[in-house]
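Okay, so here's the structure we're looking at.
The values are calculated or read from the model by the stated rules, or taken from the named source; none is laboratory data. Everything numeric here is computed off the predicted structure, so don't read it as measured data. When we count neighbours, we look across all protein chains shown, and the Cβ atoms used for this are built from the backbone with ideal geometry, even at glycine.
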Amino acid sequence: MKSSDLFRFSLDNLRRTRLRTTLTTLGVIIGIGALVAMVSFGTGMQRNITEAFTANDLFTTLRVLPVRMDIEQMMAGNLDGAMSGMQKRTRALNDTAVALIAAFPEVAIVFPEVTFPVKIRFGGQEASTTLRSLPVAMGGFAPYDRMGWGSFFSSDSAAEAILSYGILARLKLTLAGAGERSPADTSRTWRSVEADSLIGAEMEVITSVLDLRRVMSGGLSADGQPPFAEHVTRLRVAGIRPKPHAFSNEQVQGGIVVPLQTGRKMPRFAFTSMWSMLNHGGRTDGTYDALYVRLKKLQDLPAVRRRLQELGFSVFALADQLEEIKRGFLMVDTALGAIGTIALIVAALGIINTMVMSILERTREIGVMKAVGASERQIKTIFFFEAGCIGLLGGILGVLLGWLVSRLANWIANLWTLRQGGGGEIEFFYLTPWLIAGSILFAVAVSLAAGYYPATRAARINPVEALRHD
């Protein structure tokens, strides 16, 4: 019997039992559909987070800290272990340290981090956010090299500020022509404005400072309030940053960004970060809370980090946790894939049942084939091919089902996010070529494995007894 005759004979057998074949294939379709939808969700989340970090060049950045901290303990949730070295100070973070690190050939830029909470007053509205001070040179690095409207700072001491796209929502402003809808929050009136009308407008940045008169009079005012007062700095809006990636952190990038020297000169309460609170009472001896270091290439990170540690600095790099992040996503993908695989295993039992029933119905037919010279190998091939066809068809349609389910789920999730006042559309699911090909091959492999027992049983049928079978 020729191979073409075997395959034609197998397809004829599947067509003769259309209902049973359809129901068995449907089980494979559901199993593969569930597998594809769940794994594509885990893949999509990993892609979103990785792209957000990559777009901001977070994997090529280092932070030099003033105290020693066990970062691995902190990432594992063991704060006591992470804080155990807090009292061990590192090499002083001052202008000398900045110059030393800037001399490294692998370093693109280094500057002291100046970040503190502020309140801004703009367009008749107030909002609390985080202010970040950057040198004008950062305008050439991501994500600050791409402005949505306006331009970057003109100098390190200019009385200018750049607004993040997200801070506009806190100010109850929507940009006309940006495709944004006002969130469902009706507690205040939202205003739609042209972006160009905001550029050059004046805004007030409010910081908290110690009120020495209250301190001298006993520490509290008559109404029991802490001894703080507000200081107002007026800045001109130089630009507005574009809509960020869905998984970007505004607190890291800064709700508003001001020139480095401008931010350093702004009066504020000394305890502006965790590092300054641990800096023995807020020293003012020219040391910084932390240094920001950006490298030219990700490959240089291990060597630069090791050299900084040898020089006595404490270093934190988000890229150090990249492998840990990947392992975490691998565990999530495995768990989601296992759920889909359970449905596929149930489908495999259906294939076994279909094949066994087919053997019982075709026992006499198998006996005739053996009587005319069909070998056990040829009999096995027929049943293996039937199982493989079910797996191949189920795998292809299952991938299509998984794609349709992911599109529907993504649409519902984005609709809910929009109603909650979220930003633009997010792709929660990501169907990769390897997932498509792997799912189809997996469906065929499971189907062939399920068809092994029925095929072996059919091949071992005694032709004499088969011919006597009714």
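What the table shows:
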| read-out | value |
| --- | --- |
| Selection from region 99-124 of residues that are part of a strand (DSSP E or B) and either among the small types (Gly, Ala, Ser) or not assigned by TED's automatic domain parsing to the domain that holds Met138 (or both) | Ala108 |
| So Ile352, is it assigned to a helix (DSSP H, G or I) and under 24 Å from Tyr453 (Cα atoms) | yes |
| Residues satisfying the stated conditions in region 123-138, i.e. surrounded by fewer than 17 Cβ atoms within 10 Å (Cβ to Cβ) and within 28 Å of the chain's Cα centre (by Cα) | Ser128 |
| Residues (within 20 Å of Ala137 (Cα to Cα) and either β-branched (Val, Ile, Thr) or buried (at least 20 other Cβ atoms within 10 Å of the Cβ) (or both)) located in region 291-320 | Leu291, Tyr292, Val293, Leu295 |
| Matching entry among Ala158, Ala82, Ala142 (being at pLDDT below 85, in contact with a helix residue (DSSP H, G or I) (Cβ under 8 Å, 6 or more places away or on another chain), under 29 Å from Leu235 (Cβ atoms) and of a type in the set (A, V, I, L, M)) | Ala142 |
